[in-house]
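Take a look at the structure below.
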Amino acid sequence: MRRFCLGLSILFILVHHAAAQVPAPSSADIEHRVDALLAKMTIEEKVDLLGGINGFFIRAMPKLGLPALRMADGPIGVRNFGPATAMAGGIGLAATWNPALAERVGVEIGRDARAKGVHFLLGPGVNIYRAPMNGRNFEYFGEDPYLTSRITVGYIKGIQSQGVAATVKHFMGNNSEFGRNSTDSIIDERSMREIYLPAFEASVKEAHVGSVMDSYNLTNGAYLTQNGYLNIDVLKKEWGFDGIVMSDWGATHDSIGAANGGLDLEMPSPVFMNRANLLPAIEQGKVSVATVDDKVRRILRTAVRFGWLDRDQVDFSVSRYNQQGRETALQTARESVVLLKNEQNLLPLTKGAIKTIAVIGPSAYPAVAVGGGSARVQPFAAISLLEGIGAHLGSATKVYYARGLSTTAEMANATVFSTAATNGQTGLKVEVFGNGDLSGTPDTTRIDRVLNAGGGGPGGGGPGGPPSAGTLGTRGAAGPPPTSTRWTGYYTPQAQGPHTIFVESAGLEYGGYRLLIDDKSVIDNWVVWKEMLSHVTLTLSVGPHKVVLEQFRNPRGFGGFGGPRVRLGIVAKDSLIEPAAKALAAKADVVVVAAGYDAEIETEGGDRAFQLPPGQDELIQEMVAANKKTIVVLNSGGGVDMNAWIDRIPALVEGWYPGQEGGIAIAEILFGAVNPSGRLPVTFERRIDDNPVKDSYYPETGTRRIVYKEGVFVGYRGYEKNATKPLFPFGFGLSYTTFKYSGLTIVPVAASDRYQVTFSVTNTGKRSGTDVAQLYIGERHSKVPRPIKELAGSARVTLAAGATKKVTISIDSRALSYYDVGSKQWRADPGDFDVLVGRASDQIELRGVLKLIEARMSAR
Ligand code: BGC
């Protein structure tokens, strides 16, 4: 215990020391200086400042002493301008439930940014998790606004303590990736206030964030880059945000709309907010000089506030190869991993007792450290699970390895098609049309041996580089006309039986695809491009089967990270798994299967399926059939369909995207050197139909409107309302020890709106460990429909075996309130509130009641 406290105080000193590096000028001084700079500028120069340059910069204005201001993607590390520390993904950081650690992560990312001379770090990403399919869930902080806000505030404070502006994104309603440039999120006011806005609000009010990024989508009918209600009324006026509102890359659609709708900076270049558009608009009184001045002030204010006019942003006291960052990445990975299942205490494994271990699966090697897209930071080196386990065990234990499964590219390459049912040529007929609906005669026709095109390597200019014009340059803008393609071929199985059939089709944005087997639609992503990689299992009879894949693509959209790619593969189910993997599994003392997604299929620019990629369910089934001691380790940004194997395997570990040191951390957990302490920041559903957004995740038929019908009942709030038992509840995570709670008291704090909730946590097991005690509040008889309970606090408590610690969590009126749409205030009505303490949302151990005598209203 003493060691823990000492650790904390050292951490505090570190952070404190770091924060002390940048003395904050007073706001009067800042405004004075900003006024003086503004007075020196012509209207043309002011307008010039409102659009980015060279992909990731605000242009320099030498006469003001303003250097070019450099931006780099976060949130997992500093992606641009070369390699950098790759931390655990956002969802993993949230799974630590540790805001102090989030601050440390922020400090290290901030230090990496300073080593690269970066002024703006484009993170954190704080969009709420509604469903597991969102391709960017891995960057974000989960389904709960309270937990998300706590992690967000820590992270931003850490970054900004280094003289780097954080950019909280994507404001707002960007909770899915399919068609993200054109979907319109319809969210009622109360749900916005209670679920989707709090992390942004906390960024502004508590962390004084430097910048906010407007998202690609529309919310309630208006593109965010011209959404005056959200940008001006809520963000700037109500919350008092005094920094920069920048667009996501290519998310701007109108010059006057953006100028008057609260956008301050158009990125990556001024396609709309430029001299040609704005000078006449100013002349005609459509945009006021005061509006332009306000934008320029925000840019200058941020530059002055962070000291960018007074020092070089490159800090030579920071190493580019950041050892402190590596330590933090390792610690974050350790705390992020969630142990979900551990029958008969199979884990931890005993190092000396295991002579042979088989590490099998697509995620075993190379490391799957981060998901894909603009968050795909390239570490100097990343340690895979295979290497982590090998290094942990040393040479006394034999570590076997097999991938176990071909890649989708290999499967597509090995699929033999013929152009006709009989006597055809090898391959598929390809017809390319100069329109989006396969109409008329094709422009070109050819025969391709297989369908395995595009892909390979991260796109968008690749990690570290500025995005290529070919992808980013066309985002959202009008481009060449759409095209469509039809591939037709015949597939003849070697024998009758179940076959896995998949299509991988990435980089469509405004596009879709469908697959027909024997003229029947088996995969339909035509109207809504739901997922980049889809697969089905069909029993095919002997004889030729007609296979038709149709795809359309409208290049006005963003080409996707990695560029367009399309693959089609058919594999007999009984030949999916490499025989060598089965042999190794049968021979080894223990098997670790590393399964899940990777940066190609869980990525920005498209969604993923709820199912694991083709063949992985079978891989897990085969491994556990060969060896009962099979532990599954998953890489995912959220819930996964586990029905094919969850009841057969004894142990399951959720590794998320654990960052560059993930292999070490997971090995330490498997062998008990570290006791797992991660807790789910999302609910894992058993079936996707159990998810409260099952009818509201995709647009309403025939529209682009995603109506958030579930209202505030997202995640556990919805499962509890619908009385649906999830597979693993929000807040859940096992430990190698056990904890007990006792002695709940609720005491009002005199002369305040606060209450202190106190209880004790005891480690009742035989090892030391860290618990995450969770406090939930629920109003018993509410006037408006409210969740049964909502997270209001949590505490990470590290305890030696047998030790007890008293925990106090302080809550205020906001923890009791709902957003009252009528009065536009937070309102707590008099009555009884349940005060619940537990280890997960559905494992409550202590119950108390808080009686509120008088209503409480507040604007915050
Ligand atoms: C992403 C942003 C990112 C930007 C710059 C966009 O595609 O949505 O999160 O910061 O690109 O790379």
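Brief remarks follow.
- Among VAL318, LEU339, ALA303 - extreme Cα towards positive end, dipole of region 275-356, charges at beta-carbon: LEU339
- For peptides 481-494, 204-217, 45-58, sequence by mean Cβ density within 10 Å, most packed first: 204-217, 45-58, 481-494
- Cross-link pairs beyond the 29 Å C-alpha cut-off, checked among LYS157/LYS236; LYS157/LYS783; LYS694/LYS851; LYS237/LYS286; LYS63/LYS116; LYS157/LYS295: LYS157/LYS783; LYS694/LYS851
- Least to most buried among SER395, SER363, SER203, SER794 (fewest other Cβ within 10 Å first): SER395, SER794, SER363, SER203
- Region 602-623-region 748-796 distance, computed between alpha-carbon centres (Å): 36
- For LYS582, net neighbour charge (Lys/Arg +1, Asp/Glu -1) across residues whose Cβ lies under 12 Å away: -3
- Taken one residue at a time, the phi angles of region 773-781 give Karplus couplings (6.51, -1.76, 1.60, θ = phi - 60°) of 7, 10, 10, 10, 10, x, 7, 6, 10 Hz. Gly and Pro are set to x.
- Seen through its C-alpha gyration tensor, with square-root eigenvalues sorted a ≥ b ≥ c, region 300-348 comes out oblate because a/c lies at 1.5 or above while a/b is not bigger than b/c.
- Of all beta bridges that DSSP places with both ends in the chain, some 75 percent have antiparallel geometry.
- Amide hydrogen neighbours beyond the local backbone of LEU66, cut-off 5 Å, H modeled: MET61
- Panel order for HIS32, HIS392, HIS170, HIS781, by other beta carbons found within 10 Å of each beta carbon, from fewest to most: HIS781, HIS32, HIS392, HIS170.
- Rounded to the nearest 0.05, the FRET efficiency derived from the C-beta distance between ASN423 and ALA580 at R0 = 30 Å is 0.20.
- Farthest towards the positive end of the charge dipole of the chain, among the residues GLY606, SER418, HIS119, is the Cα of HIS119, using unit charges on the Cβ of Lys, Arg, Asp and Glu.
- Figure legend: label point modelled 7 angstrom from the Cα of ALA801 along Cα→Cβ; residues of region 336-352 with amide N under 15 Å from it are 348.
- When the square roots of the Cα gyration tensor eigenvalues are ordered a ≥ b ≥ c, the ratio a/c for region 606-762 is 1.5 or more and a/b does not exceed b/c, which makes its shape oblate.
- Subtracting the Cα-Cα distance of LEU538 and ARG754 from 0.36 nm times their residue separation leaves 71.8 nm of extension gain.
- For region 535-542, the Karplus equation 6.51 cos²θ - 1.76 cosθ + 1.60, evaluated at θ = phi - 60°, returns couplings of 8, 9, 10, 10, 8, 9, 7, 5 Hz by residue, with Gly and Pro reported as x.
- Anisotropy class of the chain from Cα gyration tensor, a/c 1.5 cut: oblate
- Approximating the spin labels as points 7 Å out from Cα along Cα→Cβ, the ALA353-to-SER395 distance works out to 2.6 nm.
- From phi via Karplus (6.51, -1.76, 1.60), per-residue ³J(HN,Hα) for region 752-767 in Hz, x at Gly/Pro: 8, 9, 9, 10, 10, 9, 10, 7, 10, 10, 10, 7, 9, x, 10, 10
- Residues LEU279 and SER858, FRET efficiency given R0 of 35 Å [Cβ-Cβ distance, rounded to 0.05]: 0.20
- Cα-centre dipole for the chain with unit charges at Cβ (Lys and Arg positive, Asp and Glu negative), debye to 20: 1640
- Packing-based exposure ordering (other Cβ within 10 Å, fewest first) of ARG59, ARG180: ARG59, ARG180
Bear in mind that the values in this text are calculations on the coordinates, not laboratory data. What you are looking at is a predicted structure, and each value in this text was computed from that prediction instead of being measured. Ideal geometry is used to build each Cβ from the backbone, glycine not excepted, and the neighbour counts take in all protein chains shown.
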